[in-house]
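Heads up, the thing below is written out as structure tokens.
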Amino acid sequence: MVSANIDVAYVAQLARIHLQPDEKQKLESQLAQILEYVEKLGALDVSGMEPTAHAVPLVNIARPDDLQPSLAHEDALRNAPRQAGGLFIVPKIVE
Amino acid sequence: MDYEAVIGLETHVQLKTRSKMWCGCPNQYGAPPNTHVCPVCLALPGVLPVANEEALRLTLRTGLLLQCEIPARAKFDRKNYFYPDAPKNYQLTQYDQPSTRNGHVEFEFNGTLSRVRITRAHLEEDVGKSTHFERHSGVDFNRAGVPLLEIVTEPDLTSADQTHAYLNALKEILQYGGISDCDMEKGMVRCDVNVSVRPCGTQALGAKIEIKNMNSFSGVRRALEYEIPRQIAAVRRGEKLVQSTRRWDDVAGVTEEMRSKENAHDYRYLPEPDLMPFEPAQDWLDNERASLMELPLARKQRLMREYQLPAGDAEVLKNNRALGDYYEPIARLSKNPKLLANWIINNLQARLVEIMEKEKTEQASLGLEPDEMKFTGLADLKFKPSDLLDLVEMVARGALSSASGQTVLAEMVASGKAPSAIVQSMGLAQVSDAGAIETLCDQAIAQNPNPVADYKAGKEAALNALKGQVMKLSRGKANPAMVGEILQRKLRG
Ligand SMILES: [Zn+2]
């Protein structure tokens, strides 16, 4: 029932993951199992509970608007596959 | 059939903070590429974002200025997409629980009050800046993680000009409130424009067409001036418009459709697990509300009401906040607030421009940048605002002619001396002594028989020539109104 709702090819494409046909099949059944497992939560009665994105009872965690040292320019670019003119060089972006 | 446009805007504004949204790198334009970056804003593995409290404060303040509701709880979400200028492969934004929503902006347009509903103003982060070369692109992450406010309107606008007026009003509110400098040149404000057309009088919305990444208000206006007739013409031809994204080509003056990939808008939002929700405390909000400044439009209306200023003068004092702030405290003490406004807007402003231009020229001759100007405006004037008030009151009660007033102002600017002292030392006090003026009038009448004859023959204009002679004899100090009266009396009599 759950597996019919998951389009593995589409999800893979959104995540830029290239799957072989056999991998696709394998993941389809594995994801279906995972979703089935999560579905069990649906059996719980949560009508009296407020939805939350966090389980930890913490709010308003912030920092003052103060400056901290940035990375040295050379360090910032150290792992760049390519660099030129201080920029990270990437494959041409077409809009 | 007539058609009308339906326009909504999403305006992105960089907040005026010292540091970025999630890290302590400077929020500053113009640095060499990738010098304001750190592990957090480069999204190196293992880093955690920590929210900038000033950015949260400015967001809530914007909400209050835009008459928004402030929900009890806000949170951040990850908006997932792949683009090299977003180093995390997601952008942090407030998706379903924004910090503010359901407000409105009021502004003057075509002589009436327009109101645009604000759907929401939510906090997110800016992305890096990419530069496109022939075969590659280059990315500068200095801008990545700069706090960005997205202000979304309902589709309440109906024309290019009205949209332009809304943007200006919004910018003015944000500048007044210290939310953003809104410097368009530095890319601090960018908008996406949603526009559709429908037959006049109908309610259903047409296919929404989005014009993306506009970086100037005049560009928005010109894009709409092109796009609205384009859509109307298409519909009239029987074409069916479909929802799509377009780009404004400023050079060609046209919009063109952008290639949009399928699934491009499936962002798979999910709550950001590394940031806790935000729940503004009521007393904190109350404080913030109490410290809000008056909205620009309200100020203009009040200036017109309280000081009987003409709309044009009130507009100038609204647009130039520093000038308005200079005016108001002395206007409250003035018997002639209208004349005072006039002097500030015309004479004082002209002097300010003069001083700045002079300093700019001097600085340039020394090879200095204009940024290092010593004189930055009203605050650097040598005289007190109450001195200007005294000067204007002297002119108003006739103790000083308007022309002499200008001389005194120039001397105040130069020396910072009080106007009464200048009037005395320069001997500029206006002569309003009737006896003295009569003597001068008699003298002028005796010396100028021709104008006298002309006037007596019915040429009213000849009186001005005589008046001029009297003023000359008094070296500009005679009260001109009295001169006119006395001359008339003598010549008729
Ligand atoms: Zn950083």
Looking at B:Val50, B:Ser334, B:Asn287, which one has the Cα that reaches farthest to the positive end of the dipole of chain B (charges on Cβ: Lys, Arg +1; Asp, Glu -1)? B:Ser334
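Taking 2.2 N^0.38 Å as the expected size of a compact globular protein, what ratio does the Cα radius of gyration of region B:335-401 give against it, to two decimals? Could you put the intermediate results ahead of the total?
Working: Rg = 15.1 Å, N = 67, 2.2 N^0.38 = 10.9 Å.
Normalised Rg, Cα atoms only: 1.39.
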Stokes-Einstein diffusion coefficient for chain A at 25 °C in a medium of 0.890 mPa s, Rh from the Kirkwood formula over Cα pairs: what value in µm²/s? 126 µm²/s
Counting only DSSP beta bridges with both partners in the protein assembly as shown, the antiparallel fraction in percent, to the nearest 5, comes to 90 percent
Taking the convex hull of the alpha carbon atoms in chain B, what volume per residue do you get, in Å³? 243 Å³
Modelled label-to-label distance, A:Leu44 and B:Thr439, 7 Å Cα→beta-carbon offset: nm? 10.4 nm
Which of rounded, prolate, oblate describes region B:263-314, given a ≥ b ≥ c as roots of the alpha-carbon gyration tensor eigenvalues and a/c under 1.5 marking rounded, otherwise prolate only if a/b is larger than b/c? oblate
Can you tell which of B:Leu174, B:Ala322, B:Asn450 lies farthest toward the positive end of the dipole of chain B, using +1 and -1 charges on the Cβ of basic and acidic side chains (Lys, Arg; Asp, Glu)? B:Asn450
To the nearest 20 Debye, how big is the dipole of region B:378-493 about its Cα centre, given +1 on the beta carbon of each Lys and Arg and -1 on that of each Asp and Glu? 280 debye
P(r) histogram, all alpha-carbon pairs of region B:421-493 included - 10 Å bins from 0, percent: 21, 52, 20, 6, 1
Give or take rounding to whole Å, what are the principal axis extents of the alpha carbon atoms in region B:292-426, in descending order? 48, 42, 22
Taking K and R as +1 and D and E as -1, what net charge do the other residues with C-beta under 14 Å from the C-beta of B:Leu466 add up to? +2
For region B:246-352, what log10 I(q)/I(0) values come out of the Debye formula at q = 0.09, 0.19 1/Å, with one point per alpha carbon and no solvent? -0.58, -0.92
So for chain A, taking the charge dipole from beta-carbon charges (+1 Lys/Arg, -1 Asp/Glu), which of A:Pro91, A:Val8, A:Ile61 sits furthest toward the positive end? A:Pro91
Suppose we look only past 19 Å in the calculated P(r) of region B:371-493. What percent of the Cα-Cα pairs does that tail hold? 55 percent
Could you state the principal axis extents of the C-alpha atoms in region B:106-172, from the largest down, to the nearest angstrom? 51, 27, 21
On a straight-distance basis, which lysines could pair with B:Lys417 in a cross-link, Cα separation under 19 angstrom, same-chain partners fewer than 8 positions away excluded? B:Lys382, B:Lys384
Please go through the residue pairs B:Lys16/B:Lys358; B:Lys79/B:Lys186; B:Lys186/B:Lys374; B:Lys129/B:Lys318 and name each one whose alpha carbons sit more than 29 Å apart in this structure. B:Lys16/B:Lys358; B:Lys129/B:Lys318
Cβ-placed point charges (K, R +1; D, E -1), dipole of region B:434-492 about Cα centre in debye, nearest 20: 80 debye
Based only on Cα atoms, what Rg/Rh ratio does the protein assembly as shown have, Rh being taken as Kirkwood's radius? 1.12
How compact is region B:3-284 by the rule of thumb for globular proteins, expressed as Cα Rg over 2.2 N^0.38 Å? 1.02
Evaluate the relative contact order of chain B (contact order divided by residue number), counting alpha-carbon pairs under 8 angstrom at least 6 apart; express in whole percent. 13 percent
Give me the dipole magnitude in Debye, nearest 20, for chain B about the Cα centre, with unit charges on the beta carbon: positive for Lys and Arg, negative for Asp and Glu. 1060 debye
The Cα extents of region B:3-111 along the principal axes, largest first and rounded to whole Å, are 52, 34, 27
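Around B:Leu428, under 10 Å between beta carbons, what's the net of Lys plus Arg minus Asp minus Glu among the other residues?
With Lys, Arg at +1 and Asp, Glu at -1, the net is +1.
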With B:Leu333 itself left out, Lys, Arg at +1 and Asp, Glu at -1 over residues whose Cβ is under 11 Å from its Cβ give -1
Taking a cut-off of 13 Å between Cα atoms, list the aspartates and glutamates near B:Lys20, but don't count ones fewer than 8 places away on the same chain. A:Asp65, A:Asp66, B:Glu53, B:Glu54, B:Glu124, B:Glu125, B:Asp126
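Here, each number is a calculation from the coordinates, and none is a lab measurement. Note that the coordinates shown come from a computational prediction; the quantities given were computed from them, not determined experimentally. Ideal geometry is used to build each Cβ from the backbone, glycine not excepted, and the neighbour counts take in all protein chains shown.
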